[in-house]
Amino acid sequence: MIDAKIKEAGHQLVLLPDGITEDQLIEETKDTDLILMCYTPVTRRVIEAAKKLKGIVKYGVGIDAIDIPAAAAKGIPVVNIPEYAEETVAEGAFAMLIALAKKLPAIQNQMESNGWAWPEPKWLGSDIAGKTLGIVGFGKIGKSIARMANHGFRARVIAFSPHTDDHEMAKFGVTKYNSLSKLLSDSDFVSIHSVLNSETEKLIGEKELRQMKPNAILINSARGAIIDEQALIKAIKEKWIAGLGLDVFSQEPLNSRNHPMKELYGRPNVILMPHLTFYTKEAMYRLETETLERSFEILQGKKVLIKSLDPRLLKQSHSVVFQ
């Protein structure tokens, strides 16, 4: 839909492959008005070489691949699409949590290999009701997870989010923890929903993983680099935690041959998703619709609407308006 609508509006569209080099990107974008990107880094060199550039639109949420200070220095607005998959990603994270709590992957493997599974200790699952869910990062997705857990499953919900007021958490029936270590040690389930920045990179390492309960389940649908992934592999192999659901990795795509996290394949207590918890019909429609809205604002010389609460985007002052 995006490609067709941009062409219908009379704009020339150049499609570039993922994996394009920085020099190639510089050559292709030197006369462009708009960069619409997903994963390919938009570096300072790219931005400085694009003499006609009016704006950069991230097709999605994460803006780590864009040199925002370089764009700001040239008065070029950067915008993302932060709201299209809030509920969608929360549902995906909760689906992994439920599946691991009920040991569905392991039981399904048993059914496929042996046709049946009789009740025995290795298939014994866990209720969510009455348990404690710890949320790391209490943004919009974290709030959705909290609502699902306490209103839907009658779980106790606690959260670690240093920049969120405890009164804001209380509105969602959530208790604020000021100590990440205490949250990890008190939680039966932990779901990560932080943004990735200098404060949160490897926020959870070996020390933190060892503080979790041995029967705890860890879910990450935020960014892979928030966890020390080598420590995470060790945690699974040495049974520091009972289950793991991942939709994100610091190196994507994942593969079972030569990826640093290949040892997680084939484990009945691990769910590996290919960064697709956001991928539903409804979310894609919202993403495409808003991406077009932001793109046309830039192409038509209007102020571009910033809906994100990310401080890096909120610092912008040129050609932007805030929701």
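For the reader, a short list of remarks on this structure follows.
- Yes/no for K58 being surrounded by fewer than 20 Cβ atoms within 10 Å (Cβ to Cβ) and charged (D, E, K, R): no
- Qualifying residue in segment 289-305 (condition: surrounded by fewer than 16 Cβ atoms within 10 Å (Cβ to Cβ) and over 30 Å from A73 (Cβ atoms)): yes
- Taking the criterion of being hydroxyl-bearing (S, T, Y) and part of a helix (DSSP H, G or I), the residues of segment 268-323 that qualify are Y285, T289, T291, S295.
- Of the candidates E22, E8, the single residue that is farther than 18 Å from R223 by Cβ, over 28 Å from the mean Cα position of the chain (by Cα) and either outside the structural domain of K307 (by TED's automatic domain parsing) or acidic (D, E) (or both) is E8.
- Filter result for R286 (out of contact with any Gly (no Cβ under 9 Å at 6 or more places or on another chain) and either closer than 24 Å to Q110 by Cβ or in contact (Cβ under 8 Å) with a residue 40 or more places away in the chain (or both)): yes
- Residue that is surrounded by the most Cβ atoms within 10 Å (Cβ to Cβ), among those in segment 12-55 that are at pLDDT below 95 and closer than 18 Å to I298 by Cα: L13
- Unique residue being part of a strand (DSSP E or B) and in the same structural domain as D186 (by TED's automatic domain parsing) when the list is I128, I158: I158
- Top-ranked residue of segment 124-179 - restricted to ones that are of a type in the set (S, T, N, Q) and touching a residue at least 40 places away in the same chain (Cβ under 8 Å), ranked as farthest from S194 (Cα to Cα): S126
- Matching residues, segment 137-155, being more than 23 Å from F278 (Cα to Cα) and either in contact with a strand residue (DSSP E or B) (Cβ under 9 Å, 6 or more places away or on another chain) or in a helix (DSSP H, G or I) (or both): A155
- Inside segment 197-240, residues that are at pLDDT 95 or above, farther than 26 Å from T88 by Cβ and in a loop (DSSP other than H, G, I, E, B) make up a count of 11.
- Enumeration of residues in segment 64-73 that are surrounded by fewer than 17 Cβ atoms within 10 Å (Cβ to Cβ) and in a helix (DSSP H, G or I): P69, A73
- Residue in segment 108-115 that is part of a helix (DSSP H, G or I), assigned by TED's automatic domain parsing to the domain that holds S144 and not polar (S, T, N, Q) present: yes
- Answer residue from segment 208-231, given it is more than 20 Å from V195 (Cα to Cα) and in contact (Cβ under 8 Å) with a residue 40 or more places away in the chain and is nearest to the chain's Cα centre (by Cα) among those: I217
- Residues within segment 263-279 that are more than 16 Å from Q108 (Cα to Cα) and of a type in the set (S, T, Y), tallied: 2
- Criterion applied to L133, L104 was being of a type in the set (A, V, I, L, M, F, W, C), surrounded by 20 or more Cβ atoms within 10 Å (Cβ to Cβ) and over 23 Å from K307 (Cα atoms), and the one residue passing it is L133.
The values are calculated or read from the model by the stated rules, or taken from the named source; none is laboratory data. These numbers come from a predicted model, not from an experiment. Positions of Cβ are backbone-derived with ideal geometry, glycine not excepted, and every protein chain shown enters the neighbour counts.
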